[in-house]
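Working notes, structure below.
No value in this document is a laboratory result; all are computed from the given coordinates. Model, not experiment: these values are computed from the prediction. Because the Cβ atoms are built from the backbone with ideal geometry, glycine has one as well, and the counts that use them run over all protein chains shown.
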Amino acid sequence: MAFFDWLFGKNQKKDCQRLEVTAPIQNDDYEYIGPTEEGEWEQGGLLYPAWVEVAGIQHENRNGSSRKKAAEGIKEGDPLFLFWDKKNQYDENAVAIFRKKPGAVNFSLSHQIGFVPISLSKHCIEAYSYGLKVGTEAKRVYYGRNNYVSIKIALYYFVQKSDTYNYLLFSLHIRESALEELEEKGMLNMESLSAMSDKDLLKIKGIGDKALKKIREAFPERI
C-alpha cells in the first residue's frame with residue numbers, strides 16, 4: 001500500500017496541453033505508458049507536485065547515440081514520452097524518456113534523453129498496471145558549459161471517469177474497502193452510484209461525509 005500512501009494527499013489537479021502519439025515504440029523491449037486517446041490531456045491528470053530531474057542524461061544510449069544531443073532544443077512545456085523499458089538490466093520498472101524529433105516518422109533509441117529517476121519509476125509502472133496512463137512534460141531546462149544539460153520534468157497520472165474504480169480511488173481518494181463493498185454489491189458503476197441516495201452511500205463502510213462531498217462535486221448529475 002506504499003504506492004497509495006505516496007499518491008494520496010500529495011496530488012493536485014492539473015490542466016495539461018493536448019498531446020498525441022502517432023507512432024510510439026511498441027515491441028518486446030518498450031511499451032508506451034502515456035496518454036494517446038483524444039481528450040485525455042484536455043481532462044487533465046493527477047500531478048505529483050515535485051519536479052524531478054531526468055536521470056542519466058549525461059550517458060549514451062544502447063546504440064551509442066548521445067542523450068545530450070537528443071535533448072538539444074527542448075524547451076519548458078515541451079511534451080515528452082514515457083516508455084516502460086521492460087528488458088532493462090538494472091531496473092525491471094525502468095521508465096525511459098523520449099522526445100519526438102521534428103519531422104521524425106517514428107521513435108528510435110536516438111530519441112531517448114534519459115530515465116525517470118529510479119525512486120519514482122516503480123510508482124509509474126504500478127500506476128500503469130492499475131490502468132492509469134502516465135504522461136510528462138519538460139518543466140525546467142538548463143544548458144551549461146561543456147555541453148552540460150539538466151532537464152526537470154513533471155509527471156501526470158490520467159484516469160477517465162468511465163473507469164469508475166480507478167477514478168474513485170485515485171481522483172477522489174475513496175477507500176479501497178468502500179470500493180470493494182460496492183463491487184460486491186454490483187454497484188461499482190456510475191449508473192448505480194447515480195441512483196443511490198446520500199443516505200445509502202453513507203451506509204458503505206469507508207464512505208463518510210468528506211467522501212460523500214467529493215462524490216457530489218465530481219458527479220453533480222446524481223444530486
Worksheet entry | Lys, Arg +1 and Asp, Glu -1 on Cβ, resulting dipole of the range 104-223 about Cα centre, debye, nearest 20 | 640 debye
Discussion item. Students often get this wrong, so check it: of 133/214; 68/133; 185/213; 133/205; 69/101; 75/101, which have C-alpha atoms separated by over 19 Å?
Written reply: 133/214; 68/133; 185/213; 133/205
Discussion item. Over the range 90-223, what is the relative contact order in percent, taking alpha-carbon pairs closer than 8 angstrom and at least six residues apart?
Written reply: 14 percent
